[in-house]
Amino acid sequence: MLQNHLPFEISDDIPTEKTEKTVILTKAKELKLIKDDSVSFDDIDEAIKFLDSEV
């Protein structure tokens, strides 16, 4: 039966401390205030090799 609503509640609670830290860290990396040490790939095969080596 179609009820025209989401099957879960949406909360406008204040973000958790972990979420808030992640947002701040991401913004600092975007602004180049801190080094972005994230791994990125242009080739899916390289990404798979990297993931396989991490196990």
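The values are calculated or read from the model by the stated rules, or taken from the named source; none is laboratory data. All values derive from a computational prediction rather than experimental measurement. With ideal geometry, Cβ positions are generated from the backbone for all residues, glycine too; neighbour counts draw on all protein chains shown. Note: areas computed on protein heavy atoms with side chains; ligands, DNA, RNA excluded. Shrake-Rupley method; radii C 1.70, N 1.55, O 1.52, S 1.80 Å.
Stokes-Einstein, applied to the Kirkwood radius of the chain over Cα pairs at a viscosity of 0.890 mPa s and 25 °C, places its translational diffusion at 159 µm² s⁻¹. The charge dipole of the chain, taken about its Cα centre with unit charges on the Cβ of Lys, Arg, Asp and Glu (plus for the first two, minus for the last two), comes to roughly 280 debye.
Enumerate lysine pairs in the chain that are 8 or more residues apart or on different chains, then count those whose Cα atoms are under 23 Å apart.
On the way: Lys18/Lys27; Lys18/Lys29; Lys18/Lys32; Lys18/Lys35; Lys21/Lys29; Lys21/Lys32; Lys21/Lys35; Lys27/Lys35.
For the chain, the number of qualifying lysine pairs is 8.
With helices as the sole contributors, the chain gives -14500 deg cm²/dmol at 222 nm; each DSSP H run of n ≥ 4 counts as -39500 (n - 2.57), and the sum is divided by every residue. Taking all protein chains as shown and a probe of 1.4 angstrom, Ser40 keeps an accessible surface of around 100 Å².
Counting other Cβ atoms within 10 Å, which trypsin sites (Lys or Arg not before Pro) in the chain have at most 10 and lie in a DSSP loop? Walk me through the intermediate numbers first.
Working: sites: Lys18, Lys21, Lys27, Lys29, Lys32, Lys35, Lys49; in loops: Lys32, Lys35.
In loop regions of the chain (DSSP not H, G, I, E or B), the sparsely surrounded trypsin sites (Lys or Arg not before Pro) are Lys32, Lys35.
Here the accessible area of the chain is 57 percent carbon and sulfur, with a 1.4 angstrom probe and all protein chains present.
Computed 3J(HN,Hα) for the range 34-41, one whole-Hz value per residue from the Karplus formula 6.51 cos²θ - 1.76 cosθ + 1.60 where θ = phi - 60°, is 9, 5, 8, 9, 5, 8, 9, 9, glycine and proline marked x.
Among the chymotrypsin sites (Phe, Trp or Tyr not before Pro) within the chain, which fall in a DSSP loop and have no more than 16 other Cβ atoms within 10 Å of their own Cβ?
Details: sites: Phe8, Phe41, Phe50; in loops: Phe8, Phe41.
Hits after loop and neighbour filter: Phe8, Phe41.
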